[in-house]
Amino acid sequence: MPTQKPKWWLAETSAWIAVNKPFGTSVEKTLGANDTIEDQVLDYLYNYTSMPFVGIVHRLDRVTSGILLMAKKKSALRKLNVQFAQREVKKTYLAIVEGIPTKPEALLAQWLYKDQKEKKAIIFNEPGENRDACNLQYRVVRQDKEKALLEVELLTGKFHQIRAQLAAQGTPIIGDEKYGATKIQYAEMGIALHAYSLEFADLIDQTPIKLTAPLPEHLVWEW
């Protein structure tokens, strides 16, 4: 049995485990992805059981850091999937963007098209073919002349949604070259987007649970 929890460990019950995913690490086992969070959680659970189960409840982009919830039982995975599908889980992110939003807080209600060839999200202000509604709410927490710290509540969970919507209003996330960030460096395989908290219901008695993930150890976040 390990005497010390892994660096990514946040909280755990018999039904689920919450981790703080570092940027640059993939969530699940895929072709070409080595030492994923799924691999690391499985290795950790092997210390306690000979047949561990890890169920992927939701995902974060490889370049994004922050809180990730995984099921340790198939029954827990089903229950958590229902909460996520019915949008009963509150997901709050922190992002540092280049530039200052025109409004200190706003609801961005738009439509997103996933360009499969370029693996990129394109944002539109009107519905259309193969476009999904994408909604988020943000507020400016801090700002200076060149950047702003935003608290973002993700209301829908679409491909690259936060990255694309913030870039579409002229404030790309620091380090996110794919969506036009050029002014401030961040880190290789990382952007200044952090999944800060998750709020969901306990799987037994439905009491509210709120989990938070410490910020990455990077100078950008010390501002």
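Taking R0 as 45 Å, what's the FRET efficiency between Gln206 and Lys29 from their Cβ-Cβ distance, rounded to 0.05? Once the sixth-power term is evaluated, E becomes 0.90. In terms of the mean number of neighbouring beta-carbon atoms within 10 Å, the peptides 97-105, 114-122 order highest first as 97-105, 114-122. Pairs over the 22 Å Cα-Cα cut-off, from the set Lys90/Lys158; Lys120/Lys158; Lys5/Lys72; Lys90/Lys117; Lys79/Lys210; Lys21/Lys114: Lys90/Lys117; Lys21/Lys114. Farthest towards the positive end of the charge dipole of the chain, among the residues Val82, Ser65, Val41, is the Cα of Val82, using unit charges on the Cβ of Lys, Arg, Asp and Glu.
Each Lys or Arg adds one and each Asp or Glu takes one away; over the other residues whose Cβ falls under 12 Å from the Cβ of Val89, this sums to +2. Among Asp35, Asp144, the sequence by solvent-accessible area, most first, with a 1.4 Å probe is Asp35, Asp144. Working note: Cα gyration tensor of the stretch 7-75, eigenvalues times five, square-rooted, sorted largest first, giving semi-axes of 19, 13, 11 Å. Placing a label point 7 Å from the Cα of Ala11 along the Cα-to-Cβ line, the residues of the stretch 182-208 whose backbone N sits under 14 Å from it are 196-208.
For the chain, count all C-alpha to C-alpha pairs, find those more than 31 Å apart, and express that count as a whole percent of the total. Summing the P(r) tail past 31 Å for the chain gives 22 percent. In this rough spin-label picture, where each label sits 7 Å from Cα along the Cβ direction, the Phe124-Thr156 distance is 1.2 nm.
Rolling a 1.4 angstrom probe over the protein heavy atoms with all chains in place gives the stretch 84-223 an accessible area of 56 Å² per residue. Full extension of the segment from Leu215 to Arg131, taken as 0.36 nm per residue of separation minus the current Cα-Cα distance, would add 27.0 nm.
The values are calculated or read from the model by the stated rules, or taken from the named source; none is laboratory data. Just so you know, these numbers come straight off a predicted model, no measurement behind them. Here the Cβ is made from the backbone with ideal geometry for all residues, glycine too, and neighbour counts use every protein chain on show. What goes into the accessible areas is simple: the full protein's heavy atoms, side chains included, and nothing from ligands, DNA or RNA. Shrake-Rupley method; radii C 1.70, N 1.55, O 1.52, S 1.80 Å.
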